[in-house]
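To keep things clear, I will list the structure first and then write my remarks on it.
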Amino acid sequence: MNITYGINPVREQLKIVSSGTVYFCAGKLSPKLKELETKAHTNELDVIFLGRDEFQKRFGEWEHQGVVLESNTTYSFICTEEDFYNELKDIENTDTVLLLDGVKDVGNLGAILRSALLFNVKYVVLPKNNSASVNEVVIKRSAGAASQLKIVYITNVVRTLEKLKQNGYWVYGADMNGTTLNGKNFAEKTVIVMGGEEKGMRRLVRDNCDEIISIPTNEKLDSLNVSVSAAIILYERFRCC
């Protein structure tokens, strides 16, 4: 059972699910919640109102904003590794691939997915064994952006980078010690690699990047949060397209 909670994430999921149950906290609905109720009825989903105490007992650990969607529908935005490799040749030159090597905090992942959607990333690539999973918390933190991206789980990052380069992509890895991002003209086919929160990119991943880039700062702190760094770099890529 997939669970989505919060007004914006539920709104995005209602665009793609065809079965399930939407739970509302009983009481007068705000216009935004009323809109979700109407959409749920239109999609022929079950709609259930729970008393405040019962709703809190069942869903109180989440920032639900008074609405929760339960659905058996598989997340349609998850793309298989095989399909991703088959689709590489069809990706437009201005589409960006974002590969996250070890981002494990669900808050960071959700924020990165939100930036990825805003700055025209088509695929977000995650290692199966070295990443936070895209779950209901990540969907909530992304404000529903996750459902509008294509997310790929891969088994081997280096092999994936090799596949991308074989298809004409130039791989930029983000690191404090790279060349400055100022005035960067990105390649038409661009892959951006962001490392994890604590150690950054792993050595073999770094060694398989074509170029290492960094964000210039006043150096009053050691580094930027990975989600902030990703947003800045993705904006620079978006700006030059």
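Observations
- Residue satisfying all of: in the range 11-60; open to solvent by 40 Å² or more (accessible area, probe 1.4 Å) and assigned to a strand (DSSP E or B); farthest from N72 (Cα to Cα) among these: F49
- Of the residues examined, G195 is one that is under 18 Å from the mean Cα position of the chain (by Cα) and open to solvent by less than 40 Å² (accessible area, probe 1.4 Å).
- Any hit, the range 213-236, residues being open to solvent by 60 Å² or more (accessible area, probe 1.4 Å), among the hydrophobic types (A, V, I, L, M, F, W, C) and at pLDDT below 95: yes
- You will find that of K122, K140, K163, the residue that is of a type outside the set (V, I, T), open to solvent by 20 Å² or more (accessible area, probe 1.4 Å) and assigned to a strand (DSSP E or B) is K122 and no other.
- Cβ pairs under 8 Å, 6+ apart, first in the range 158-170 and in contact (Cβ under 8 Å) with a residue 40 or more places away in the chain, second open to solvent by less than 50 Å² (accessible area, probe 1.4 Å) and among the hydroxyl-bearing types (S, T, Y): K163/Y85; Y169/T190; W170/T190
- Test for E70: is it assigned to a loop (DSSP other than H, G, I, E, B) and charged (D, E, K, R): no
- Complete set of residues in the range 209-238 that are over 17 Å from N108 (Cα atoms), in a helix (DSSP H, G or I) and without any contact (Cβ under 8 Å) to a residue 60 or more places away in the chain: E236
The values are calculated or read from the model by the stated rules, or taken from the named source; none is laboratory data. Not measured: the values here are computed from a predicted model. Glycine gets a Cβ as well: all are built from the backbone with ideal geometry, and neighbour counts include every protein chain shown. These accessible areas exclude ligands, DNA and RNA; they are computed on the full protein's heavy atoms, side chains included. Shrake-Rupley method; radii C 1.70, N 1.55, O 1.52, S 1.80 Å.
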